Amino acid sequence: MGAVDIVKQSIKYPFENKKVWLIIGVLFLLGVILEELTEFFEGNLLYHAFKIIYFIGSLFVSGYEVSVVHHGVKGLDDTPDFTFKEQIIDGFKSTMFYFIYFFFPLIIGVVVAYLLGVFSNAHKASVLLSSSPVLQHMIDNGAFLISSNYAKIAMIVPHGILINLAIGIIVTVIIAFIAFLVFTLFALIGHIVGEEHGFKKGFNIKFVSKKLKNIGWSLILSWYIMMIILIVVLLIIRSLVQMIPEVGPYLAALIITSYLFMMTFRSVGLVYHEEETDIDE
């Protein structure tokens with residue numbers, strides 16, 4: 001199956017399983033309502049209760065994500081059953097796995113920022129700005145915007161520091177973003193590897209790379225690019241729906257977030273399904 005076919009099947013998957021799509025949508029809808037309730041009851045005993053319910057629900061949804069992926073890996077067309085206890089456990093393991101994986105792009109971003117002098121230049125600029133009573137007064141009163149006060153900053157902070165700081169931030173963001181995309185791909189495939197070959201194996205970059213090679217780098221990259229574009233488009237649509245007064249956030253969670261969930265993880269399972277050769281350690 002080619003990348004286009006995988007994406008097409010993934011797009012159709014929620015429509016072919018409308019009942020489960022609705023159930024997942026209701027879960028995301030409840031998540032939005034719980035978030036609002038926690039804000040409303042902040043400082044109250046109910047605040048902690050809603051936080052706990054929200055956390056357990058998030059673990060359950062993450063666990064069902066694992067089930068959706070595995071159904072795709074096996075090439076099954078139906079949706080997995082809901083097994084509350086098992087999927088909460090899977091959700092906890094999945095959350096820990098992604099937390100560890102996405103820690104690496106963060107470290108890369110911090111290291112790059114340090115090497116490019118972002119922290120040192122920001123500190124120098126901060127010290128110089130804090131010595132200006134006028135600017136400090138504006139900052140304290142929330143009336144300071146860098147975009148509209150750049151001339152005042154340039155009068156206090158040397159031009160070289162500002163240029164180096166700007167370049168450092170831009171390069172850091174670009175490198176961190178690329179690292180995020182790379183580690184996201186490895187995390188998605190590594191997560192399946194971890195489920196099949198043991199948790200630690202999912203972090204074995206060499207082993208995961210062999211799995212990716214077995215699937216085919218051309219297939220992986222074309223699929224990944226198409227999925228990124230599709231997800232970005234859907235996120236933009238979701239943002240527009242969320243702007244609808246009163247009901248926007250609820251509609252977005254019920255329909256679009258749930259669709260993204262089912263479509264994305266079905267796609268991950270299907271692309272891994274193309275990996276047919278077992279790799280020895």
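Structure notes:
- The requirement of being of a type in the set (D, E, K, R) and under 22 Å from V7 (Cβ atoms) is fulfilled somewhere in segment 205-223, by at least one residue.
- Screening the candidates G75, G91, G117 for the property of being modelled with pLDDT of 75 or more, touching a His at 6+ places or on another chain (Cβ under 6 Å) and not β-branched (V, I, T) yields one hit, G75.
- If the condition is being closer than 20 Å to N17 by Cβ and part of a loop (DSSP other than H, G, I, E, B), then segment 75-119 contributes G75, L76, D77, D78, T79, P80, D81, F82, T83.
- Filtering F203, F265, F177 for residues that are modelled with pLDDT of 90 or more and either hydroxyl-bearing (S, T, Y) or buried (at least 17 other Cβ atoms within 10 Å of the Cβ) (or both) leaves a single hit, F265.
- Among the candidates L22, L37, the residue that is assigned to a helix (DSSP H, G or I), farther than 20 Å from T95 by Cα, in contact with a Phe, Trp or Tyr (Cβ under 6 Å, 6 or more places away or on another chain) and not acidic (D, E) is uniquely L37.
- Listed by first and then second residue, the pairs linking a residue in segment 25-42 that is closer than 21 Å to F261 by Cβ to a residue that is assigned to a helix (DSSP H, G or I) and among the hydroxyl-bearing types (S, T, Y), with Cβ atoms under 6 Å apart and 6 or more places separating them unless they lie on different chains, are G25/S258; F28/T257; F28/S258; L29/Y250; L34/Y54.
- Evaluation of G63 against (1) touching a Phe, Trp or Tyr at 6+ places or on another chain (Cβ under 9 Å); (2) in contact (Cβ under 8 Å) with a residue 60 or more places away in the chain; (3) small (G, A, S) (one fails), failing number: (2)
- Qualifying helices (runs of 4 or more DSSP H) (wholly inside segment 162-281; at least 2 residues being closer than 30 Å to L30 by Cα and in contact (Cβ under 8 Å) with a residue 24 or more places away in the chain): 217-242, 248-251, 258-273
The values are calculated or read from the model by the stated rules, or taken from the named source; none is laboratory data. Here the structure is a predicted model, which is why all the values come from computation and not from measurement. Every residue, glycine among them, receives a Cβ derived from its backbone with ideal geometry; neighbour counts consider all protein chains shown.
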